[in-house]
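Just below is one structure, and these are the notes that go with it.
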Amino acid sequence: MNRFTYYVPTKVVFGKGTKDQAGPLCKECGAQKVLIVYGSDRIVADGLLGEIESSILGEGLKCLSIGGVVPNPLLSKALEIAERARAFEPDCIVGIGGGSVLDTAKTVGLILANPDVDIWAFYLGKIKLTRRIPVGAITTISAAGSEMSNNAVLTNDLQGGLKISSASDLNRCIWAIMDPALTYTTPKYQIASGAADIWLHTSERYFIDKQSEGNHLTDEIAEGVMRNIIKWGPIGVSNPANEEAMSEIMWTSSISHNSLTGLGAGANWGREGDWSCHQLGMALGALYNVTHGPSMTAIWKSWALYGYKNNVERFSGYARHVLGLSGNDEELALHAIDATVEWFRALGLPVNLTELLQREITDDMLRDMALTASYGNKRKFGKLRVLDCEDMYNIYKGAIR
């Protein structure tokens, strides 16, 4: 087996009705003043914010609530929330929402604990931090897995629009409330997008180079996670009130991104696995503000065809163990790629750039995508196949239709 370090300190409180535990969990971690971070006014309108505030106040704690977080979370909003909350002096932050809210809450916790630091320098990996205000998560969308991951994603809308993922144990939530009932009203497209993101969080760790293989239990877990979301994702999309499906999707979301499915699978910019599709997709999110999951389903086939020959056996193994297909390795690899694309399509998601952006894709656009993904031709990434700017251009070009 390959070496690895596994650290996931998040306390998970899972099940219908667990939202009532917000106040006790804040008190348990020693909080006196709780900052609540949320996104849209839907959290207010459906009464969830009021319920969480009541739970916190009921424990004798103070709380301040600030909303307005948007998808593809912004540096400017994190800085604004931190500034508004500074005088309140919170000692705990609770994020209510999906990945964008939780990532913003994590960033706010770092900003408030390190007031003299340029937080973007931390995202760029130029500095290391040792302090943070602890963050608790109440998830309302199953997708990003931010409630258990060591990652936070942010877009620098103040300078250049670069979208970056930061990997640090300071980003680990201290607790996470996972109440599947909070996801029943999620729009179907968001459930589908989340299912794709869940699958991709595991596939990014699974489709790697041969030198990074060797941890067989990790592979078994990853294959089980992919089988589970392939099964339950479409059921949740067709019926968001299906408690069994939405519970399975929610827990699969966390397992897919808490590092368990990639232990020992090499290392790439602070994380195990490949992560090319995420990087290519984040560039699309930064340029066109598209939803995260579809930004990756639109380019996945082109990426897979571009690199699968570097480890055909990995793709054929996926075909056998996850999709239940049979045949020779080369044939299976190609069948697996096509079958996965059809699963994306069945979820109602775009499978190429034309479908994603709903416009003609020009060569200038493709070059801009590649330059954005490669940080202006300054960065390579990938584990299955290392990609430079020209490779990224070719993948985007192959994804036009």
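The values are calculated or read from the model by the stated rules, or taken from the named source; none is laboratory data. Values in this document were obtained by computation on a predicted structure and should not be read as measured data. Heads up, the Cβs are rebuilt from the backbone with ideal geometry, glycines too, and the neighbour counts pull from every protein chain shown. We work out accessible area using only protein heavy atoms, side chains counted, and drop any ligands, DNA or RNA first. Shrake-Rupley method; radii C 1.70, N 1.55, O 1.52, S 1.80 Å.
Details
- Residue 246 being part of a helix (DSSP H, G or I), touching a Phe, Trp or Tyr at 6+ places or on another chain (Cβ under 7 Å) and open to solvent by less than 20 Å² (accessible area, probe 1.4 Å): yes
- Whenever a residue of the stretch 243-271 is modelled with pLDDT of 90 or more, its partners that are among the small types (Gly, Ala, Ser) and assigned to a helix (DSSP H, G or I), lying with C-beta atoms within less than 6 angstrom and at least six residues away or across chains, give the pairs 245/236; 246/236; 249/236; 261/222.
- Residue in the stretch 208-215 that is in contact with a helix residue (DSSP H, G or I) (Cβ under 8 Å, 6 or more places away or on another chain), modelled with pLDDT under 95 and either within 19 Å of residue 102 (Cβ to Cβ) or in a helix (DSSP H, G or I) (or both) present: yes
- Verdict on residue 54 being surrounded by fewer than 18 Cβ atoms within 10 Å (Cβ to Cβ), polar (S, T, N, Q) and more than 30 Å from residue 259 (Cβ to Cβ): yes
- Counted residues, the stretch 18-51 - those being open to solvent by 60 Å² or more (accessible area, probe 1.4 Å) and either within 26 Å of residue 186 (Cα to Cα) or part of a loop (DSSP other than H, G, I, E, B) (or both): 10
- Any hit, the stretch 190-199, residues being of a type outside the set (Phe, Trp, Tyr), at pLDDT 95 or above and more than 20 Å from the chain's Cα centre (by Cα): no
- The residue list 305, 280 contains one member that is open to solvent by 60 Å² or more (accessible area, probe 1.4 Å), touching a residue at least 40 places away in the same chain (Cβ under 8 Å) and part of a helix (DSSP H, G or I), which is 305.
- Subset of the stretch 341-362 that is free of Cβ contacts under 8 Å to residues at least 24 places away in the same chain and acidic (Asp, Glu) - its residue that is most open to solvent (accessible area, probe 1.4 Å): 360
- Whichever residue in the stretch 98-123 is outside any helix (DSSP H, G or I) and farther than 26 Å from residue 250 by Cβ and, among such residues, is farthest from the chain's Cα centre (by Cα): 116
- Every pair of residues 6+ apart whose Cβ atoms lie under 9 Å, when the first sits in the stretch 312-325 and is at pLDDT 95 or above and in a helix (DSSP H, G or I) while the second is open to solvent by less than 50 Å² (accessible area, probe 1.4 Å) and charged (D, E, K, R): 314/209; 317/219; 317/223; 318/223; 321/219; 321/223
- Among the conditions (1) crowded, with 24+ Cβ neighbours inside 10 Å; (2) part of a loop (DSSP other than H, G, I, E, B), residue 160 misses just one, which is (1).
- Residue satisfying all of: in the stretch 182-237; basic (Lys, Arg) and farther than 18 Å from residue 351 by Cα; least open to solvent (accessible area, probe 1.4 Å) among these: 205
- Flag for residue 107 being open to solvent by less than 10 Å² (accessible area, probe 1.4 Å) and either among the aliphatic types (A, V, I, L, M) or in contact (Cβ under 8 Å) with a residue 60 or more places away in the chain (or both): no
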